[in-house]
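Enquirer: What follows is a single structure, and I will ask about it in a moment.
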């Protein structure tokens, strides 16, 4: 007719309002737990692939995380520059397939300005080999063209054709403007979820052009060069901030890295972006532990709710236990039934929670990708998530042992007599 | 060697049982023959309930022996006694006999769920359902009650009939009834008892029937009066 599971299911159905509420509580907590886990993993992998397809980043010698911070995340400042001469020499190494120079130091209304070459747009990759895509316009053609990231466009409400003026340096009270050489927005990039979104990108020559009449951070008095005059000048930079390197073979990464680190003309360093990114995540990832702890606590609260629901009905179910004992159920069967009920409630909660999570992911997927460039995976639960699910079931079964133990002790004491 | 009577389905010898030092029950000899109908009465506190839970194998005596069929219940571990109860004993409570979350038929078939032997004796998995329906009809449960989805909608009398059917299905050797008629009015009580006795006879089950109601005693083969720490036997 029915096994213990059938009995447990029917008994739960008898108390369906409490059961449904318990399942919803568990579902919401599981939803949060798995949601946080997925967000965490995707944020981490999206962070770890802020720069992909680049084999090495080369800059002045400081520290791997520092170089990564200023060259990729545009945080802090370079301690030193790389001379154009050194750049050319390293770029000419036989193992090197391509290089993209980066020159930083200026800003526009709080956003960093990055000088580079048009090759940047072909070579820069993020995520799982995503290319930069233009939402509007195109790569800079004219000397005074700029390409802006999605966040810049959104916050400043800029479109193609907007003119902008670059400020010397970053922030500070005494901001000095390169007002004599205004730029025009030539292209707007689609969101990437990387620091590119918050960048204004111009050509290396443009960076050079706005600084021809400057020295040591000051405009040279009486030597003003007009925007058009600058066009006629030699705009080869003398130094850059850092450069991205692509190799012919990944296998030569360490050899080239060593060559750069041992470069005698100038103290330089080369870093593997993946390694430096995971080092950096180790620093910023402390919050993820807190987030996980909170969601685990929420699951505990959910299970406590279940425990309450099971414990409060225990008294009115003494009759039920006596009847089961009379037809031959052992006290152990009574124990098993109650643990089973806890397990079934948890399973139902988990299934509902997982469904909720996928619905949420499905709904938010487009929004997050468009607004933050965060690509939440819609894939099946990974090993980590299965582990969490198993942990929730184990915790629920463990929690179920408490009412089960009480019922067990009681049914031994009551036997067939229940005085209600 | 314990001098068991061979014709006896159930024999108790020198039973002593109590929760603390004092005995709740002390029985020198209590026997039930195969197919016998025994009426057990006695004042409150005379140990009727205790005797029933000893017979059902829920508890074991501090001293003495209980044998049902060829099995010495009092020397078995708890789990084996539970299995024995499922296989050989049908139990009817005073009232509230039914699991509220099971339908009428499933309540009857609950005995078979815990005992493959009784399911077998009821004719196997499929036939057991038919046997349950037959029993319910024989015990006077009408068609409309049978089809009620919730047993809580049944009257007390109807519930006791379902409980009796559950005790009887699979023809266990021993039926134990703990004041099953005390919640019924006189007419319902007589009808219920008559049908219960008829089905016990049909199944060749012995019946141990506890009641305060001496008016029922005449339906039984024998009356056993329990007194404080003593037991008298007299023919009915």
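Enquirer: Please work out which residue is nearest to the chain's Cα centre (by Cα), limiting yourself to region B:84-104 and to residues that are facing chain A (nearest Cβ under 7 Å) and more than 17 Å from residue B:176 (Cα to Cα).
Expert: B:99
Enquirer: Please give the number of the condition residue A:91 fails out of (1) within 14 Å of chain B (Cβ to nearest Cβ); (2) closer than 30 Å to residue A:198 by Cβ.
Expert: Single failed check for residue A:91: (1).
Enquirer: Which condition does residue A:60 not pass, out of (1) at pLDDT 90 or above; (2) farther than 19 Å from residue A:275 by Cα, if it passes all the others?
Expert: Unmet condition: (2).
Enquirer: In this structure, is residue B:39 at pLDDT below 85 and in contact with a helix residue (DSSP H, G or I) (Cβ under 8 Å, 6 or more places away or on another chain)? Explain how you work it out, then say what you get.
Expert: Details: at pLDDT below 85: no; in contact with a helix residue (DSSP H, G or I) (Cβ under 8 Å, 6 or more places away or on another chain): yes.
Spelling it out, it is not the case that residue B:39 is at pLDDT below 85 and in contact with a helix residue (DSSP H, G or I) (Cβ under 8 Å, 6 or more places away or on another chain).
Enquirer: Show me the helices (runs of 4 or more DSSP H) entirely contained within region B:95-141 in which 1 or more residues are surrounded by fewer than 17 Cβ atoms within 10 Å (Cβ to Cβ) and either in contact with a strand residue (DSSP E or B) (Cβ under 6 Å, 6 or more places away or on another chain) or free of Cβ contacts under 8 Å to residues at least 40 places away in the same chain (or both).
Expert: Numbers: elements: B:104-114, B:116-121, B:124-138.
Once the helices (runs of 4 or more DSSP H) in region B:95-141 are filtered for at least 1 residues that are surrounded by fewer than 17 Cβ atoms within 10 Å (Cβ to Cβ) and either in contact with a strand residue (DSSP E or B) (Cβ under 6 Å, 6 or more places away or on another chain) or free of Cβ contacts under 8 Å to residues at least 40 places away in the same chain (or both), what remains is B:116-121, B:124-138.
Enquirer: Is it fair to say residue A:22 is touching a helix residue (DSSP H, G or I) at 6+ places or on another chain (Cβ under 6 Å) and not in a helix (DSSP H, G or I)? Write out each step before concluding.
Expert: Details: touching a helix residue (DSSP H, G or I) at 6+ places or on another chain (Cβ under 6 Å): yes; not in a helix (DSSP H, G or I): no.
In short, no.
Enquirer: What tally of residues in region A:4-27 results from selecting those that are under 20 Å from residue B:119 (Cβ atoms) and either facing chain B (nearest Cβ under 8 Å) or in contact (Cβ under 8 Å) with a residue 12 or more places away in the chain (or both)?
Expert: Residues of region A:4-27 that are under 20 Å from residue B:119 (Cβ atoms), as a first pass: A:4-7, A:10.
With either facing chain B (nearest Cβ under 8 Å) or in contact (Cβ under 8 Å) with a residue 12 or more places away in the chain (or both) added as a condition, the list becomes A:4-5, A:7, A:10.
Summing the residues that are under 20 Å from residue B:119 (Cβ atoms) and either facing chain B (nearest Cβ under 8 Å) or in contact (Cβ under 8 Å) with a residue 12 or more places away in the chain (or both) in region A:4-27 gives 4.
Enquirer: Looking at region B:73-83, which of its residues are more than 9 Å from every other protein chain (Cβ to nearest Cβ) and loosely packed, with under 14 Cβ neighbours inside 10 Å? Step through it out loud before you land on a result.
Expert: Residues of region B:73-83 that are more than 9 Å from every other protein chain (Cβ to nearest Cβ), as a first pass: B:73-77, B:80.
Passing the criteria: B:75, B:77.
Enquirer: Could you name every one of the helices (runs of 4 or more DSSP H) located completely within region A:306-420 that has at least 3 residues being in contact with a helix residue (DSSP H, G or I) (Cβ under 8 Å, 6 or more places away or on another chain) and away from chain B (no Cβ under 14 Å)?
Expert: Values: elements: A:318-326, A:331-371, A:383-414.
Ranges flagged: A:331-371, A:383-414.
Enquirer: Out of curiosity, is residue A:35 more than 14 Å from chain B (Cβ to nearest Cβ) and either free of Cβ contacts under 8 Å to residues at least 24 places away in the same chain or assigned to a helix (DSSP H, G or I) (or both)?
Expert: Values: more than 14 Å from chain B (Cβ to nearest Cβ): yes; either free of Cβ contacts under 8 Å to residues at least 24 places away in the same chain or assigned to a helix (DSSP H, G or I) (or both): yes.
Taking the combined requirement at face value, the residue satisfies it.
Enquirer: What number of residues within region A:93-130 satisfy the criterion of being modelled with pLDDT of 90 or more, assigned to a strand (DSSP E or B) and surrounded by fewer than 20 Cβ atoms within 10 Å (Cβ to Cβ)?
Expert: Going through region A:93-130 one residue at a time, the tally reaches 3.
Enquirer: Considering only residues that are farther than 15 Å from residue B:168 by Cα and within 14 Å of another protein chain (Cβ to nearest Cβ), which ones fall in region B:128-149?
Expert: First, the residues of region B:128-149 that are farther than 15 Å from residue B:168 by Cα: B:142-149.
Hit for region B:128-149 is B:149, nothing else.
Enquirer: Go over the candidates A:255, A:224, A:209 one by one and state the one that is touching a residue at least 40 places away in the same chain (Cβ under 8 Å) and under 23 Å from residue A:141 (Cα atoms).
Expert: Values: A:255 fails: under 23 Å from residue A:141 (Cα atoms); A:224 fails: under 23 Å from residue A:141 (Cα atoms).
Of the residues listed, the single one that is touching a residue at least 40 places away in the same chain (Cβ under 8 Å) and under 23 Å from residue A:141 (Cα atoms) is A:209.
Enquirer: Criterion first (away from chain A (no Cβ under 12 Å), surrounded by fewer than 21 Cβ atoms within 10 Å (Cβ to Cβ) and touching a strand residue (DSSP E or B) at 6+ places or on another chain (Cβ under 7 Å)) does residue B:68 satisfy it? I'd like the intermediate steps shown before the answer.
Expert: Working: away from chain A (no Cβ under 12 Å): yes; surrounded by fewer than 21 Cβ atoms within 10 Å (Cβ to Cβ): no; touching a strand residue (DSSP E or B) at 6+ places or on another chain (Cβ under 7 Å): yes.
Against the criterion (away from chain A (no Cβ under 12 Å), surrounded by fewer than 21 Cβ atoms within 10 Å (Cβ to Cβ) and touching a strand residue (DSSP E or B) at 6+ places or on another chain (Cβ under 7 Å)), residue B:68 does not qualify.
Enquirer: Out of B:171, B:182, report the one residue that is in a loop (DSSP other than H, G, I, E, B), over 17 Å from residue B:210 (Cα atoms) and away from every other protein chain (no Cβ under 14 Å). Steps first, answer last, please.
Expert: Numbers: B:182 fails: over 17 Å from residue B:210 (Cα atoms).
It is B:171.
Enquirer: Any residue that is more than 12 Å from chain A (Cβ to nearest Cβ), farther than 26 Å from residue B:215 by Cα and at pLDDT 90 or above - is there at least one of those in region B:44-62?
Expert: no
Enquirer: Go through region B:105-127 and give me each residue that's more than 7 Å from chain A (Cβ to nearest Cβ) and under 17 Å from residue A:319 (Cα atoms). Spell out the reasoning first.
Expert: So in region B:105-127, the residues more than 7 Å from chain A (Cβ to nearest Cβ) come out as B:105, B:107-108, B:116-127.
Passing the criteria: B:107, B:108.
The values are calculated or read from the model by the stated rules, or taken from the named source; none is laboratory data. All figures in this text were calculated on a predicted structure; none of them were measured in a lab. For neighbour counting, all protein chains shown are included, and Cβ atoms are generated from backbone atoms with ideal geometry for every residue, glycine included.
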